[in-house]
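Participant: Here it is, the structure, as structure tokens.
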Amino acid sequence: MPRCLAFVIFTLCLTLAGFSQSERPAMAEDLAGVTTRLQTDLAYLSSDALAGRDVGSEGIAKAGEYIAKRFADLGFETDKFDGGPFQEFAIPGPAALGPVEKNQLNFAGVDGLPELKLEANFCPLSLGSSGTFESEVIFVGFGISAPEYNYDDYAGIDVEGKIVIVLRREPQQNDPKSRFNGTQNSEYAFFTAKELNASLHKVGAMILVNDAQTAEGRAGDQMMRVSEAGASLSKSKVPTIFCSRSVIDPLVQKSTGKSLSELQAEIDSTGMPKSVVLKNVKATGEVDISSKDVIARNVVGFLPGKGALADEYVVVGAHYDHVGMGGAGSLAPGTVAIHNGADDNGSGTTTMLEVARHLSLDKSETRRGIVFIAFSGEEKGLLGSKHYVRSPRWPLEKTVTMVNMDMVGRLTDGGLTVYGTGTAEGFDPLMDKLNESSKFRLDKQAAGFGPSDHQSFYEFDIPVFHFFTGLHNDYHRPSDDFDKINIEGMQQIADMVDRLVIDLATRPERPKMLKISDIADVGRANAKPRVTLGIQMDTNSEAVVVQSVSEGSGAAAGGVMPGDTIIKIGDTTVANAREMRRTLSSKKVGDTIEVSVKRGTEEVKLQVKLGS
Ligand SMILES: [Zn+2]
């Protein structure tokens, strides 16, 4: 009851604030209605009943039905996919352990070791692969090879086919003067980096244990679950098992005379690796992990165009999935709690619904069709938008712009970031013009790349806008809740997006796409010529796997071949496309860089001149 009361007062305050602050012509008729609608939609989408809207869950199914009903109630066409509003696609589901007898770990060679029980003492992680192993055992510290920090746990040790024990995180993690990244995690602290490095060293299996700090922390020496590292089945070749310190410590102690904590303390105090073979110890075992596909659904409502422009389209989108109960997508690892995702991206979904409502009332005589899409699978790698651009319901060459909203619920002091202002001619001044009445503190970003669904469209040469009110400490944590949302701010953003979409949908000529190199020509802020290697990547792979090489490109001249996996640019390890883009962004067109690729079992170094 007190909760309800608080909600009523909260609603009232916001409603009053809505009345007093604005004379936006577009919505002035109905400000109270707007705020109440935004609250109702967002309160539902971010409620515990939807359990964090993880792909494949009952919660996201309900969210999808809710959005579809709202589209239908607005009179949109919702029969475009086999007569319904849902564009379905399959994605790999969460990994699950196979039978107990195929998930085994045994040590031999020292006395007094207990029999190990699956999920009590050890647990295979979906970060790694299925497979069997039998070999001697080597402690390799943090499992890090970091040339730029002059640190290599694997230096001078033959680990091929061997079983390695690896600590979580990285050396000197509580030392502000750490040789790594101070008290911040460097890229080497992450599981994926350790896994990639183990795989490059061709180890037989990797056993991960909590580092001393984690074990002494609040959660203690907590066991990880199979899907807690690695969201679904990985492309890894290395069986990877999490193991409790109470199993590994006696093993290390008996064979080396030092405890895990002592070995770590030596690494931390000297900043040097202390890798050591565990004399006489052998490990045998097997990992069996599998995953079933789950069906994800984009929700699509279509407002047909009118007149001469009716065969062109504007897409307005926002993802509605989130990370469910936590796990791999969470920044609060080890926590099992509903990640409500009120800002990410209940806010964008709700704002999109409000924009949809307003556009459903539009009376223009001549207008492009408007395609509203609530994307799924965004948190798992923009999967819903990638699926849409590969199987578009309306031709992409007739799609003139995509407008995305992802995290628009935390407007603070009017600060609004808009990406994509350099992706078409006139977008930058258009934003300034729209902002004359909105009066945001606008941060215009030219780039069309960025970690949300607009990028999928931009990659297909469609101009984009992306609205964003900024990162915060609750991002991807259970605390991203409804009560921290600035509803009035969302209303203001909805108003601006309304006016933007009407402009895009009714202007006689479609916007002229600018390539990033064109943007440099017109001198847009923060846009450098985009450097390219001249490869196309296999988008089904997390790692940077080359699918094809462009003729006449630097990659072709340098000898990059389809099937190669790019693992390093210069000295920097790149585990995925984002890391590669980040690394390349510091380079210039014409630079020659060293690209290390994995080709079969070999590592090959190539010299590639960057093009544009
Ligand atoms: Zn998001």
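Participant: From the list Asn174, Asn197, Asn181, which residue is under 19 Å from Glu148 (Cβ atoms) and part of a loop (DSSP other than H, G, I, E, B)?
Facilitator: After ruling out the rest, the residue left standing is Asn181.
Participant: Among the residues that make up segment 354-366, is at least one of them within 13 Å of the ligand (Cβ to nearest atom), touching a residue at least 24 places away in the same chain (Cβ under 8 Å) and buried (at least 24 other Cβ atoms within 10 Å of the Cβ)?
Facilitator: There is no residue in segment 354-366 that is within 13 Å of the ligand (Cβ to nearest atom), touching a residue at least 24 places away in the same chain (Cβ under 8 Å) and buried (at least 24 other Cβ atoms within 10 Å of the Cβ).
Participant: Let me ask another. Of the conditions (1) closer than 23 Å to Gly98 by Cα; (2) open to solvent by less than 20 Å² (accessible area, probe 1.4 Å), Phe191 clears all except one; give me its number.
Facilitator: Status for Phe191: all satisfied but (2).
Participant: Follow-up. Residues of segment 88-106 being in contact with a Gly (Cβ under 9 Å, 6 or more places away or on another chain) and open to solvent by less than 50 Å² (accessible area, probe 1.4 Å), which ones?
Facilitator: Phe89, Ile91, Gly93, Ala95, Asn103, Leu105
Participant: Among the residues of segment 397-441, write down those that are in a strand (DSSP E or B) and either among the small types (Gly, Ala, Ser) or within 16 Å of Val316 (Cα to Cα) (or both).
Facilitator: Thr399, Val400, Thr401, Met402, Val403, Asn404, Met405, Gly415, Val418, Tyr419, Ala424, listed by residue number.
Participant: Is it the case that segment 427-449 has a residue that's of a type in the set (A, V, I, L, M), within 16 Å of the ligand (Cβ to nearest atom) and surrounded by 20 or more Cβ atoms within 10 Å (Cβ to Cβ)?
Facilitator: So far as segment 427-449 goes, no, none of its residues is of a type in the set (A, V, I, L, M), within 16 Å of the ligand (Cβ to nearest atom) and surrounded by 20 or more Cβ atoms within 10 Å (Cβ to Cβ).
Participant: Follow-up. Taking only segment 200-226 into account, find how many residues are surrounded by fewer than 22 Cβ atoms within 10 Å (Cβ to Cβ) and assigned to a strand (DSSP E or B).
Facilitator: Selection size over segment 200-226: 0.
Participant: Does segment 63-73 contain any residue that is in a loop (DSSP other than H, G, I, E, B) and at pLDDT 95 or above?
Facilitator: No, because not a single residue in segment 63-73 is in a loop (DSSP other than H, G, I, E, B) and at pLDDT 95 or above.
Participant: Among Ser347, Ser385, which is touching a Leu at 6+ places or on another chain (Cβ under 7 Å) and within 16 Å of the ligand (Cβ to nearest atom)?
Facilitator: Testing whether each residue is touching a Leu at 6+ places or on another chain (Cβ under 7 Å) and within 16 Å of the ligand (Cβ to nearest atom) leaves just Ser347.
Participant: Can you tell me which residue is nearest to the ligand (Cβ to nearest atom) among those in segment 450-486 that are in a strand (DSSP E or B) and of a type in the set (Phe, Trp, Tyr)?
Facilitator: Among them, the one singled out is Phe468.
Participant: How do the strands (runs of 3 or more DSSP E) wholly within segment 267-375 filter down when requiring 1 or more residues that are among the aliphatic types (A, V, I, L, M) and under 30 Å from Lys117 (Cβ atoms): which remain?
Facilitator: Passing ranges, in order: 276-287, 293-303.
Participant: Quickly run through segment 160-171 and pick out the residues that are surrounded by fewer than 22 Cβ atoms within 10 Å (Cβ to Cβ) and not charged (D, E, K, R).
Facilitator: Gly161
Participant: Can you pull out every residue in segment 122-157 that is modelled with pLDDT of 95 or more and open to solvent by 50 Å² or more (accessible area, probe 1.4 Å)?
Facilitator: Passing the criteria: Thr132, Glu134, Glu136, Asp152, Ala155.
Participant: When segment 569-592 is examined, which residues are found to be assigned to a strand (DSSP E or B) and farther than 12 Å from Ala543 by Cβ?
Facilitator: Ile569, Thr572, Thr592, listed by residue number.
Participant: For segment 140-171, which residues satisfy the criterion of being within 28 Å of the chain's Cα centre (by Cα), part of a loop (DSSP other than H, G, I, E, B) and in contact (Cβ under 8 Å) with a residue 40 or more places away in the chain?
Facilitator: Listed by number, the residues that qualify are Phe142, Gly143, Ile144, Arg168, Arg169, Pro171.
The values are calculated or read from the model by the stated rules, or taken from the named source; none is laboratory data. Predicted, not measured: the structure shown is a model, and the values here were computed from it. No Cβ is skipped: glycine too gets one built from the backbone with ideal geometry, and neighbour counts run over all protein chains shown. These accessible areas exclude ligands, DNA and RNA; they are computed on the full protein's heavy atoms, side chains included. Shrake-Rupley method; radii C 1.70, N 1.55, O 1.52, S 1.80 Å.
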